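Before any comments, here is the structure.
The values are calculated or read from the model by the stated rules, or taken from the named source; none is laboratory data. Keep in mind that this is a model prediction, so the values were computed, not measured. Here the Cβ is made from the backbone with ideal geometry for all residues, glycine too, and neighbour counts use every protein chain on show. Protein only, heavy atoms only, side chains kept; ligands, DNA and RNA dropped before computing areas. Shrake-Rupley method; radii C 1.70, N 1.55, O 1.52, S 1.80 Å.
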Amino acid sequence: MSTYVFTGPTLSPDVGHRYLKATYLGPAAQGDILRILHRRPRVIGIIDGVFEFVPSIWHKEILLAL
């Protein structure tokens, strides 16, 4: 199973690996979910995202991933 988790200051990848074997990526921004869809993920987790200087994830990206 391929699991991708977008995280940042809330949860470090080192701590995350203690609980869940996954590929940990930086905070999610607009277009990030679209960029990983070609990897055919089974699970996508979003813990942290960017929102101030970069556009946030678009709801249509989430719907497409579903």
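Values computed for the structure shown
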| quantity | calculated |
| --- | --- |
| Restricting the stretch 44-66 to residues that are surrounded by 14 or more Cβ atoms within 10 Å (Cβ to Cβ) and of a type in the set (V, I, T), the residue that is nearest to T23 (Cα to Cα) | I44 |
| Some residue of the stretch 29-43 being exposed (fewer than 12 other Cβ atoms within 10 Å of the Cβ) and more than 18 Å from A65 (Cα to Cα) | no |
| Extreme residue, surrounded by the most Cβ atoms within 10 Å (Cβ to Cβ), among residues of the stretch 6-20 that are hydroxyl-bearing (S, T, Y) and either in contact with an Asp or Glu (Cβ under 8 Å, 6 or more places away or on another chain) or closer than 23 Å to L66 by Cβ (or both) | T7 |
| Residues within the stretch 29-66 that are under 10 Å from the mean Cα position of the chain (by Cα), of a type in the set (A, V, I, L, M, F, W, C) and within 16 Å of S2 (Cβ to Cβ), tallied | 5 |
| Residue identified as open to solvent by 50 Å² or more (accessible area, probe 1.4 Å) and within 11 Å of the chain's Cα centre (by Cα) among T23, T3 | T23 |
